[in-house]
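Rule-based calculations on the coordinates, nothing more; no lab input. Only a predicted model underlies this, so the values are computations on that prediction, with no experimental measurement involved. Note that we place each Cβ from the backbone using ideal geometry, even for glycine, and neighbour counts take in every protein chain shown.
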Amino acid sequence: MSSTTHDTDAADSVDLALKILVAGGFGVGKTTLVGAVSEIRPLRTEEQLSEAGSTVDDTEGVARKTTTTVAMDFGRITIRSGLSLYLFGTPGQDRFWFLWDELSQGALGAVVLADTRRLGDCFPAVDYFEHRRIPFVVAVNCFPDARSFGAHEVSRALDLDRGTPVVLCDARDRDSGKEVLVRLVEYAGRVHTARMLDSVG
């Protein structure tokens, strides 16, 4: 076998790893989603909610939540042979947003988790990714006690750019979470391809 053939085979066997962010409001299910889909034990940076933090963290609607992510969650999932996603869950509170710029470096795209009981909480994440031209999908985490809304209704309420996917999911369910990630990879791939063609044209 020639060295050229060997080099080609080696190149073909290299796994592709893509960086994905999981963002959204406080208590929307980011840590849950990363933990549900990750094939490795997820890294979590959770701390107990403190009385001091009660003056800055809005816990309305998530009163049972006792912990919060203070840096990031990290997990990994293999979508298919040769394609893995590295998942970075962002902190949801305003006071930790300075971490988002670091976490978003090199990201293919993002999942913005939404809770229809607190839909306004995901506006900052939507604005962040729109302004930085990072492709994203909105994944509505269907809590049992939340009113049901269709994807079109959520898209209109969030004033999303035309074509931005909205999917319904259960952040606790691995298959549901994986489907969200597949939709994101497909959408982000189309967006990045279109941008490259535009730049060439």
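I need the peptides 76-86, 174-184, 30-40 ranked by packing, meaning the mean over residues of other C-beta atoms within 10 angstrom, with the highest value on top. The partial results should precede the final answer.
Numbers: 76-86: 14.5, 174-184: 19.1, 30-40: 21.5.
Taking the mean over residues of other Cβ atoms within 10 Å, the ranking is 30-40, 174-184, 76-86.
Place the peptides 143-152, 157-166, 121-130 in order of packing, highest mean first, counting for every residue the other Cβ atoms within 10 Å and averaging per peptide.
Numbers: 143-152: 11.0, 157-166: 14.3, 121-130: 19.2.
So the peptides 143-152, 157-166, 121-130, ranked by packing, come out 121-130, 157-166, 143-152.
Within 10 Å, count the other beta carbons around each residue, average over each peptide in 108-116, 15-23, and list them highest first.
In decreasing order of mean packing, 108-116, 15-23 become 108-116, 15-23.
Measure out, as a whole number of angstrom, how far apart the alpha-carbon centroids of region 184-199 and region 115-142 sit.
The distance from the Cα centre of region 184-199 to that of region 115-142 comes to 19 Å.
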